[in-house]
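Read the structure below first, then the notes.
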Amino acid sequence: MPSNDFVKKIIRKDRKTFFNDYKLSQSKKTSLSDDNGDDYNKKSLKPLISDFTEYNPLHNGHFHCLKIAKKHVPDGIFVAVVPGLFERSGRGLPYILHRRSRAEMAVNVGADIVVEGPPMGIMGSGQYSLCLCKMFQALNTDYIPRGYKPFDGIDDILNRISLGHGISPKPYKIIDMDTNEVIMHDKLEEDNYVIVSFSKSLKKIGFDFKNKFIFVKRIEGVSGTLIRQSVEENNFDKVQNMMPKETISVLKREVKLGHAPLHNLRDWETILDNANNLSFDELSSLNLFNEKLASKLIETREKNPFETLEQLENSLLYGFSSNYKHRVLSILETKINKDMIYNYIEKYPYTIRILDYKNEDVLDQFKNKITNRRIELWQ
């Protein structure tokens, strides 16, 4: 089992990376051009397939999507965008293992390049969706594979997105942004929600995604609960058929090294210290925080200081989603303020950080495709 010091080390290093990226992106001396380079030269390069995926861990559903996309674009460069800094998901929950290992799994089963995605755990869903779409744009993406779950009405939504329409998911109402039609009175399940959310964000940043999505029907027979349990127990007998052998091999190695599983671990000392000691102004300035939440924390701790994460969680106000409390814990863990996040998103992605890649030839092809961003290899 990984130690608390191991988790602290990850967050400490990632804070350093985040602030360095932020400083570079805000410097006038290092501003980047919006010009994507010569269109003629771009056409001579291999098409680029960008897939946002958490690989938490990489299972047969992810592998199926990768294979379908590569079959659809056999000469393409498959780029996996794997969420990075602070190792927290969009739900605010810790990932099961470090992104470098998740990137290794992807390359082992056929991805060409893996780049670091945004720090999802400290953002709202709209914020990280916007960052991911800005990454697709920065990569000069030609195709975007996405898994979907079939239901009555999904074909109409997917057809509209294929035509380049933005689809806006509102509470119990799905709207075509191009025609203003209400096309559904219901809410979408997670995979389908992500697709329409992407279309909305891509439309917002002016990225033409007509005919760029590759929609892949989600496969059955994969249980995230069983997979997480197998990693905790270091026994993969029940999930052998749910993950590629390459995934299981990396998981076994990381467990043996004491680097996994991470999904139940947090830097609880820092979280409690910040919850107990940050001032009202410091708390209310944090991303996703407001004056009401800051006041509630201070009012509660004045009666009894927070001693456990459970006690802190129970004191938190319910937000707009079931994941709100976990996101609040992640923000207290990293202490990033909302103004900084706003400026970070505006310039995102200033740096495209490569976590892993297939070979030098693929790396060169990728670099030639990306002409207006700073590229670095993960250290």
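Quick notes
- Across segment 273-314, the number of residues qualifying as of a type in the set (A, V, I, L, M, F, W, C) and under 12 Å from residue 335 (Cα atoms) comes to 6.
- Within segment 195-221, the set of residues being crowded, with 18+ Cβ neighbours inside 10 Å and either at pLDDT below 95 or in a helix (DSSP H, G or I) (or both) comprises 195, 196, 197, 198, 199, 200, 201, 202, 203.
- Only one of the numbered conditions (1) open to solvent by less than 10 Å² (accessible area, probe 1.4 Å); (2) assigned to a helix (DSSP H, G or I) is not met by residue 90, and that is (2).
- Check on residue 146, basic (Lys, Arg), under 19 Å from the mean Cα position of the chain (by Cα) and over 18 Å from residue 18 (Cα atoms): yes
- Taking segment 102-111 as the range and being open to solvent by 10 Å² or more (accessible area, probe 1.4 Å) and either more than 15 Å from residue 79 (Cβ to Cβ) or in contact with a helix residue (DSSP H, G or I) (Cβ under 7 Å, 6 or more places away or on another chain) (or both) as the test, the residues that pass are 104, 108, 109, 110.
- Selection over segment 46-68 of residues that are aromatic (Phe, Trp, Tyr) and in contact with a Leu (Cβ under 8 Å, 6 or more places away or on another chain) gives a count of 1.
- Filter result (β-branched (Val, Ile, Thr), open to solvent by 20 Å² or more (accessible area, probe 1.4 Å) and in contact (Cβ under 8 Å) with a residue 60 or more places away in the chain) within segment 222-249: 222
- Looking across segment 85-101, the residues that are more than 18 Å from residue 194 (Cβ to Cβ) and of a type outside the set (S, T, N, Q) come down to 85, 86, 87, 94, 96, 97, 98, 99, 100.
- Of all residues in segment 329-348 being without any contact (Cβ under 8 Å) to a residue 60 or more places away in the chain and not in a strand (DSSP E or B), the one that is farthest from the chain's Cα centre (by Cα): 339
- Close pairs (7 angstrom Cβ cut-off, 6 or more residues apart or separate chains): of a type in the set (Lys, Arg) in segment 74-94, not in a helix (DSSP H, G or I) anywhere: 88/94; 91/323
- Qualifying residue in segment 320-330 (condition: at pLDDT below 95, open to solvent by 50 Å² or more (accessible area, probe 1.4 Å) and hydrophobic (A, V, I, L, M, F, W, C)): yes
- Single residue of segment 250-286 satisfying the filter (within 14 Å of residue 101 (Cα to Cα) and in a helix (DSSP H, G or I)) that is most open to solvent (accessible area, probe 1.4 Å): 256
- For first residues located in segment 353-376 and more than 16 Å from residue 110 (Cβ to Cβ) and modelled with pLDDT of 95 or more, partners that are open to solvent by less than 70 Å² (accessible area, probe 1.4 Å) and in a loop (DSSP other than H, G, I, E, B) and lie 6+ apart or on another chain with Cβ distances below 6 Å form the pairs 353/378.
- Selection count where residues are open to solvent by less than 10 Å² (accessible area, probe 1.4 Å) and modelled with pLDDT of 95 or more, scope segment 121-137: 5
- Condition met for residue 313 (open to solvent by 10 Å² or more (accessible area, probe 1.4 Å), at pLDDT 95 or above and over 30 Å from residue 50 (Cβ atoms)): no
The values are calculated or read from the model by the stated rules, or taken from the named source; none is laboratory data. The structure displayed is predicted, hence computed values, not measured ones. Neighbour counts run over all protein chains shown; Cβ positions are idealised from the backbone, glycine included. Each accessible area value is taken on the protein alone, full model and side chains, heavy atoms only, with ligands, DNA and RNA left out. Shrake-Rupley method; radii C 1.70, N 1.55, O 1.52, S 1.80 Å.
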